[in-house]
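K.L.:
Quick one: the structure is below, and I'll ask about it shortly.
The values are calculated or read from the model by the stated rules, or taken from the named source; none is laboratory data. Bear in mind that the values here come from a model prediction, so they are computed numbers and not experimental data. Ideal geometry is used to build each Cβ from the backbone, glycine not excepted, and the neighbour counts take in all protein chains shown.
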């Protein structure tokens with residue numbers, strides 16, 4: 001059982017390493033690492049390639065957390081640590097991909113996929129917080145970091161195992177967002193008008 005759990009965690013990491021936010025722009029001949037912030041994540045794809053490509057990258061990145069979490073819950077139930085460790089491994093794979101010389105994105109979409117697979121309510125809470133902040137301030141980084149920490153704190157009410165892993169994931173994402181946090185403090189953070197990008201995508 002220990003061997004099989006370890007294998008699932010390792011497989012989860014390698015699922016996470018698939019750099020969809022790099023692959024999707026490459027289909028259009030664009031290296032997203034040379035665009036905008038240079039981050040291999042859905043938000044950078046959204047800013048530079050538009051709504052369709054950005055949404056596709058985000059959904060695929062989300063599935064990297066959702067699939068391991070779902071499999072873990074099916075095998076062990078969400079009463080076990082294993083599904084949460086599988087999600088953590090997938091996010092680390094996304095953030096530090098072997099295919100990108102151990103570089104990657106910031107793990108937000110993959111983490112949200114993990115929320116949905118283990119506690120769907122936590123995914124709902126994430127978006128309930130994320131959307132108002134992102135639309136009002138246009139700071140996706142602020143919306144993401146805030147939402148992840150609030151979810152982790154609230155989940156402590158009914159599942160301490162999930163809360164601990166969620167808190168670790170929020171901390172990892174905050175670390176990956178450290179340059180964004182510095183720009184937020186200095187009032188220099190890039191704004192993302194999601195509604196404007198969405199409207200352009202719909203018109204196309």
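K.L.:
Pick from region 89-108 the residues that are closer than 18 Å to residue 44 by Cα and assigned to a loop (DSSP other than H, G, I, E, B): which of them is nearest to the chain's Cα centre (by Cα)? First the steps, then the outcome.
P.N.:
So the first thing to find is which residues in region 89-108 are closer than 18 Å to residue 44 by Cα, and the list is 91, 94-97, 100, 103-108.
Add one more test, that the residue is assigned to a loop (DSSP other than H, G, I, E, B), and what stays is 96, 104-107.
Numbers: 96: 13, 104: 11, 105: 8, 106: 6, 107: 3 Å.
Applying the filter and picking the extreme gives 107.
K.L.:
Further question on the same structure: Residues that are surrounded by fewer than 16 Cβ atoms within 10 Å (Cβ to Cβ) and free of Cβ contacts under 8 Å to residues at least 12 places away in the same chain: does region 87-98 have at least one? Give the derivation first.
P.N.:
Within region 87-98, the first condition is being surrounded by fewer than 16 Cβ atoms within 10 Å (Cβ to Cβ), and the residues that meet it are 98.
Subsequent filtering for residues that are free of Cβ contacts under 8 Å to residues at least 12 places away in the same chain retains none.
No, region 87-98 has no match at all.
K.L.:
Still on this structure: What do you reckon, is residue 36 farther than 19 Å from residue 94 by Cβ, at pLDDT below 95 and in contact with a helix residue (DSSP H, G or I) (Cβ under 7 Å, 6 or more places away or on another chain)? Spell out how you get there, then give the answer.
P.N.:
On the way: farther than 19 Å from residue 94 by Cβ: no; at pLDDT below 95: yes; in contact with a helix residue (DSSP H, G or I) (Cβ under 7 Å, 6 or more places away or on another chain): yes.
Spelling it out, it is not the case that residue 36 is farther than 19 Å from residue 94 by Cβ, at pLDDT below 95 and in contact with a helix residue (DSSP H, G or I) (Cβ under 7 Å, 6 or more places away or on another chain).
K.L.:
Output the residue which, of all residues in region 69-84 that are touching a helix residue (DSSP H, G or I) at 6+ places or on another chain (Cβ under 6 Å) and under 21 Å from residue 154 (Cβ atoms), is surrounded by the most Cβ atoms within 10 Å (Cβ to Cβ). So that I can check it myself, show each step before the final result.
P.N.:
Just the residues of region 69-84 that are touching a helix residue (DSSP H, G or I) at 6+ places or on another chain (Cβ under 6 Å), to begin with: 69-70, 72-73, 76, 78, 81-84.
Filter again for under 21 Å from residue 154 (Cβ atoms), leaving 69, 73, 78, 81, 83-84.
On the way: 69: 26, 73: 19, 78: 17, 81: 16, 83: 28, 84: 25.
In this case the residue turns out to be 83.
K.L.:
On to the next question. Yes or no: region 134-150 includes at least one residue that is within 21 Å of residue 54 (Cα to Cα), over 17 Å from the mean Cα position of the chain (by Cα), free of Cβ contacts under 8 Å to residues at least 60 places away in the same chain and not in a loop (DSSP other than H, G, I, E, B).
P.N.:
Yes, some residue in region 134-150 is within 21 Å of residue 54 (Cα to Cα), over 17 Å from the mean Cα position of the chain (by Cα), free of Cβ contacts under 8 Å to residues at least 60 places away in the same chain and not in a loop (DSSP other than H, G, I, E, B).
K.L.:
Identify all residues within region 1-43 that are over 27 Å from residue 75 (Cβ atoms), surrounded by 20 or more Cβ atoms within 10 Å (Cβ to Cβ) and in contact (Cβ under 8 Å) with a residue 24 or more places away in the chain; write none if there are none. Break it down stepwise before answering.
P.N.:
Start the filter on region 1-43 by keeping residues that are over 27 Å from residue 75 (Cβ atoms), which leaves 21-43.
Still in the running and surrounded by 20 or more Cβ atoms within 10 Å (Cβ to Cβ): 21-22, 24-25, 32, 39-43.
Selection gives 21, 22, 24, 25, 39, 40, 41, 42, 43.
K.L.:
Among residues belonging to region 159-204 that are in contact (Cβ under 8 Å) with a residue 24 or more places away in the chain and part of a loop (DSSP other than H, G, I, E, B), point out the one that is farthest from residue 39 (Cα to Cα).
P.N.:
Applying the filter and picking the extreme gives 159.
K.L.:
Another question, if that's okay. What single numbered condition from (1) at pLDDT 95 or above; (2) surrounded by fewer than 21 Cβ atoms within 10 Å (Cβ to Cβ) fails to hold for residue 148?
P.N.:
Of everything listed in (1) at pLDDT 95 or above; (2) surrounded by fewer than 21 Cβ atoms within 10 Å (Cβ to Cβ), residue 148 misses just condition (2).
K.L.:
Return a yes/no flag: does region 110-126 have any residue that is within 21 Å of residue 55 (Cβ to Cβ), without any contact (Cβ under 8 Å) to a residue 12 or more places away in the chain and more than 12 Å from the chain's Cα centre (by Cα).
P.N.:
yes
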